[in-house]
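Each remark here refers to the structure printed beneath this line.
The values are calculated or read from the model by the stated rules, or taken from the named source; none is laboratory data. Nothing here was measured: the structure is a model prediction, and the numbers come from that model. Virtual Cβ from ideal backbone geometry, glycine too; neighbours counted across all protein chains shown.
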Amino acid sequence: MSVGFIFYLGHSLDAPLHWGKLDHGQLVDAGKLDNAAALVDFAQAQSVEGCVSAIISGEHVALRTITAPPKSRSKFLAAARYLLEDELAEPVDATHVVTSHKGSEGRVIAIRNEIIDAWCGAFADAGLDLDFLSPDFLCLPDNDGNPVVAVDEARIVARVGARGFAAAASISEFVIGPMARDGSLAECSFHGNPNVVCDIPELSSQNWRPLGEHGLFGLCAVALDQRQPENLLQGKRQARGHWRDGVKQWRRAGSLAAALIGVLLSIYIVQGIRDMRVTAAYEDRTNELHAQYFPDAANVDPYTNARAVLSSSADSAFLSLSSAVSDALVQTDGVRVDRMRYDQTRNQLVISVRSGDNRNIEAFRAQLASAAVPVRDAGGYRRSNNEWVGDLIVGQ
């Protein structure tokens with residue numbers, strides 16, 4: 001995620017949340033929203049491009065490890081649900097479960113359905129496609145496999161080995177004190193204010209690094225660009241954006257005109273297999289629709305009028321660009337488009353592509369270039385789940 005927006009979610013939809021714009025490992029802009037409802041105004045005020053990521057408080061997430069987990073994803077998930085059934089204080093069917101392999105161990109991460117659905121809904125209501133969601137303790141900076149502890153005045157967030165947790169700073173003596181005394185935090189990297197844990201001598205005497213201007217949010221946001229923690233948006237909650245979603249950018253007139261073209265195309269398809277009576281009925285219905293929605297052009301041929309409406313519409317740029325992208329995809333193997341957004345003010349498409357071989361992406365770009373369609377990177381590519389993932393800007 002070299003370029004994109006990142007959010008540090010509050011404890012609930014009504015709590016404040018932080019946002020930041022990330023550009024090649026640096027927070028170039030940041031702020032705070034009063035609650036999740038403020039995402040609507042934020043999305044309208046900001047030009048949100050690139051990856052949209054969110055960090056959720058670790059208190060909402062349960063993490064467990066399994067030694068030598070099954071290699072089959074379905075079997076691993078079944079074993080994970082069986083493990084959680086005895087540990088969680090609520091039915092496992094009420095939780096969203098994610099699994100991953102980390103060396104010889106497996107991680108099981110669970111979050112209540114109502115929590116993840118509420119946040120996904122809040123972003124969707126704001127018109128934002130959420131690409132990534134992970135707990136804060138998995139987003140802490142890397143420390144060569146050694147523990148990492150970060151504290152501010154309110155919370156303590158830690159990752160120790162394959163495990164992680166977050167809790168109120170007021171109970172740090174109970175959640176992290178025993179680890180400090182039994183040597184579990186050897187070679188640990190400490191971030192934040194040591195005064196918060198002054199009652200634990202083993203911790204207060206360590207070399208603490210300041211959190212910086214943006215606190216825990218800034219620490220996790222910058223580290224997230226360098227790490228690949230588990231994404232909670234898997235299974236049925238996986239982002240499934242499709243380039244055809246861009247049709248929502250059409251204005252009413254363009255949509256109606258496109259519908260008329262569809263009716264006319266249906267006429268030409270059935271001409272070979274239907275008799276003239278059926279064809280005449282379709283033509284009559286087309287003329288009725290045309291007269292209903294375009295009364296000022298009722299005497300004009302519907303097909304001619306539809307082409308005129310589309311060619312004069314500002315959305316014609318979207319049509320030509322999306323058509324060029326579709327043609328390039330047909331000519332290129334191994335490239336998938338996860339999501340496409342149309343910027344009407346710039347006449348640009350921002351598309352998220354992925355492929356197992358970056359040469360396929362370059363071939364896709366070459367196909368667009370051969371069609372005289374400008375295309376450029378929107379922040380480079382990154383490896384995710386053994387694939388190359390990145391954003392391209394198509395258009396001027």
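Keeping to region 118-145, report how many residues are in a helix (DSSP H, G or I) and free of Cβ contacts under 8 Å to residues at least 40 places away in the same chain. Looking only at that region, the number is 2. Which condition from (1) crowded, with 17+ Cβ neighbours inside 10 Å; (2) of a type in the set (Lys, Arg); (3) more than 17 Å from residue 131 (Cα to Cα) is the one that residue 341 breaks? The single condition residue 341 does not satisfy is (3). Reported count of residues in region 347-367, each being of a type in the set (Lys, Arg) and exposed (fewer than 14 other Cβ atoms within 10 Å of the Cβ), is 1. Scanning region 21-55 for residues that are of a type in the set (Val, Ile, Thr) and either at pLDDT 90 or above or not in a loop (DSSP other than H, G, I, E, B) (or both) turns up 28, 40, 52, 55. Mind checking whether some residue in region 100-114 is of a type in the set (Lys, Arg) and in a helix (DSSP H, G or I)? No, every residue in region 100-114 fails to be of a type in the set (Lys, Arg) and in a helix (DSSP H, G or I).
Annotation: residue 72 fulfils all but one of (1) under 23 Å from residue 54 (Cα atoms); (2) over 23 Å from the mean Cα position of the chain (by Cα); the unmet one is (1). Looking only at residues of region 347-382 that are within 20 Å of residue 129 (Cα to Cα) and of a type in the set (D, E, K, R), we find that the one that is farthest from the chain's Cα centre (by Cα) is 377.
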